[in-house]
Amino acid sequence: ASMALQYAVEIRNAQLDVLESIIGTSAVLKLRTGAAPSSCASSDSGTVLASMSLPSNWMAAASNGQKEKAGTWQTTNAAASGTAEHFRLYASDGSTCYAQGSVSLVDGGGDLQLDNVSITSGQTVTIEAFTLVAANS
């Protein structure tokens, strides 16, 4: 068995910052019903409840091994009604998936946090919290 690797904070910050570089500017976030697929390589699943184009610079620079959302992540017109259970983060084309994760209420433990996971078609949906962490194993 090998020992868990430990990285300096500069390495952890660089690992996080490269995500935004790879995904690119004006990323697209979609909130969906149901469980997330097994990986980003798998086809989309569930119903798209809300889709939003993120700000051009959508993440703050990593600091202390963490990276926070930047700017306002919002749509003023939800696409459908239902319970948001997972999200997928795409390139600006809205179809190349680079990340996915769980959705919860604020302080609910989800990878992405909303003020309300019960979405109604036509409503405004705002992402309250999204933090990436590069932790040592």
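The values are calculated or read from the model by the stated rules, or taken from the named source; none is laboratory data. Note that the coordinates shown come from a computational prediction; the quantities given were computed from them, not determined experimentally. So basically every Cβ, Gly included, is an ideal-geometry build from the backbone, and we count neighbours across all protein chains shown. Note: areas computed on protein heavy atoms with side chains; ligands, DNA, RNA excluded. Shrake-Rupley method; radii C 1.70, N 1.55, O 1.52, S 1.80 Å.
Checking every one of the chymotrypsin sites (Phe, Trp or Tyr not before Pro) in the stretch 1-110 against DSSP loop status and a limit of 15 other Cβ atoms within 10 Å picks out Y7.
Using R0 = 22 Å, the C-beta based FRET efficiency linking Q66 and S121 works out to 0.05.
Given the stretch 7-137 reduced to its alpha-carbon atoms as identical point scatterers, what log10 I(q)/I(0) does the Debye formula return at q = 0.16 Å⁻¹? Calculated log10 I(q)/I(0) at the listed q: -0.77.
With respect to the chain, whose longest principal axis is taken over its alpha-carbon atoms, helix 9-23 is tilted by about 40°.
Across the accessible surface of the chain, with the other protein chains kept in place and a 1.4 Å probe, carbon and sulfur atoms take up 49 percent.
Here r is the Cβ-Cβ distance between A41 and E10 and R0 is 25 Å; the resulting FRET efficiency, rounded to 0.05, is 0.25.
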